[in-house]
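Peer 1: Shown below is the structure under consideration.
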Amino acid sequence: MSLVLDLDRIAHGYGRGPARVDVLQGVSLRLGAGEIAALIGQSGAGKSTLLHVAGLLERPETGRVVIAGDDAGALSERRRADLRGRAIGFVYQFHHLLPEFSALENVVLPQRIAGTPRHQAEARARHLLGQLGLDHRLDHRPGKLSGGEQQRVAIARALANRPALLLADEPTGNLDEDTAAVVMDELLSLVRTEGLAALIATHNRGLAERMDRTVTLKRGRLA
Ligand SMILES: Nc1ncnc2c1ncn2[C@@H]1O[C@H](COP(=O)(O)OP(=O)(O)OP(=O)(O)O)[C@@H](O)[C@H]1O
């Protein structure tokens, strides 16, 4: 199994002096291709911080982040951004889709930016949106889609450039319980067929149980 995410003794916090908050205090985590882990922990435990560090959005104060064999600590900001764009897909609690573009275009665009020819990008977008049951919504703008449909488009967009790693922060946190379960199952099934590694933060233990493993952040460490 090839290692996609390798976090080694990550420590990270915010502020200085009396305002100092130590959030991550020696977090190590390895995820291989095809492996899906649920990230749980109380509010404020540091789940988003860990996802930001793993997603190369934030440099940890200490520790090593290796993504698909690339040691991110050794890279310039520009190369980190390249690696992030190439290897990592993100899904957030709110979709952050471009309101002026159709569902299809929202999934085509990141591929065009990465240099994929239009016909290829469109075929990939149609395939992903089709897998998520959105064949009949390709031309709709996000504002004309339901919350569940918007999140499905956000999922397709995150996977569009075939990342090795998917990071998701409460990807169904904004949906009602039934829709959340359906969308999460679709997300997991796509992640499995595409063979990615995924780290998915959720407050919902029922959803966490659908994944291969659960890692819990507690007092700055993973249990
Ligand atoms: N930019 C920042 N500056 C200062 N403190 C921060 C910053 N970002 C996060 N924190 C603090 O770090 C701690 C962890 O926050 P984080 O958002 O990672 O937790 P979380 O587990 O994702 O919480 P939630 O489940 O509520 O989203 C919190 O105490 C928070 O207040």
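Peer 1: I'd like the orientation of helix 118-131 relative to the chain: the angle between its Cα long axis and the longest Cα principal axis, in ° from 0 to 90, rounded to 10.
Peer 2: Tilt of helix 118-131: around 80 degrees.
Peer 1: Count the DSSP beta bridges whose two residues both fall in the chain, then state the antiparallel fraction as a percent rounded to the nearest 5.
Peer 2: 50
Peer 1: Over the chain, what relative contact order in percent results from Cα pairs under 8 Å that are six or more residues apart?
Peer 2: Normalised by residue count, the contact order of the chain is 31 percent.
Peer 1: Kindly state, to the nearest 0.05, the FRET efficiency for LEU109 paired with ARG219, given R0 = 41 Å and r defined as their beta-carbon distance.
Peer 2: 0.50
Peer 1: Something else about it: Report Rg (one decimal) and Dmax (nearest whole number) for the chain, counting Cα atoms only, units Å.
Peer 2: Considering the chain through its Cα atoms, Rg and Dmax are 17.3, 56 Å.
Peer 1: So, R0 is 35 Å and r is the distance between the beta-carbons of ASP185 and ALA19; what FRET efficiency does that work out to, to 0.05?
Peer 2: Taking R0 as 35 Å, the efficiency between ASP185 and ALA19 is 0.25.
Peer 1: So if each residue of separation counts as 0.36 nm, and I subtract the Cα-Cα distance between GLN42 and ARG78, what length gain in nm does that give?
Peer 2: In short, 9.6 nm is gained.
Peer 1: Any chance you could run the full-extension gain for ARG9 through HIS203? It's 0.36 nm times the residue separation minus the Cα-Cα distance, nm to one decimal.
Peer 2: 67.4 nm
Peer 1: Hey, another quick one. So how tilted is helix 177-194 from the main axis of the chain? Cα-based, degrees 0 to 90, rounded to 10.
Peer 2: Result, in degrees: 90.
Peer 1: Using 0.36 nm times the number of residues separating ASP139 and HIS96, minus their current alpha carbon distance, what extension gain do you get?
Peer 2: Separation in residues times 0.36 nm, less the Cα-Cα distance, equals 13.7 nm.
Peer 1: What do you get for trypsin sites (Lys or Arg not before Pro) in the range 143-223 restricted to DSSP loop and a cutoff of at most 15 other Cβ within 10 Å of the site's Cβ?
Peer 2: Answer by residue number: ARG219.
Peer 1: Quick one: angle between helix 147-159 and the longest Cα principal axis of the chain, in degrees between 0 and 90, rounded to 10, please.
Peer 2: Value to nearest ten degrees: 70.
Peer 1: Measuring from centroid to centroid over Cα atoms, what is the spacing of the range 28-56 and the range 71-132 in Å?
Peer 2: Between the Cα centres of the range 28-56 and the range 71-132 lies a distance of 21 Å.
Peer 1: How would the range 51-163 be classified by its alpha-carbon gyration tensor: rounded, prolate or oblate, with rounded meaning a/c under 1.5 and the a/b versus b/c comparison settling the rest?
Peer 2: Prolate shape, in that a/c is at least 1.5 and a/b is the bigger ratio.
Every read-out reported here was derived from the displayed coordinates using simple, explicitly stated rules and does not represent laboratory data. Because the structure is a prediction, the values reported are computed rather than measured. Backbone-built Cβ (ideal geometry, glycine too); neighbour counts: all protein chains shown.
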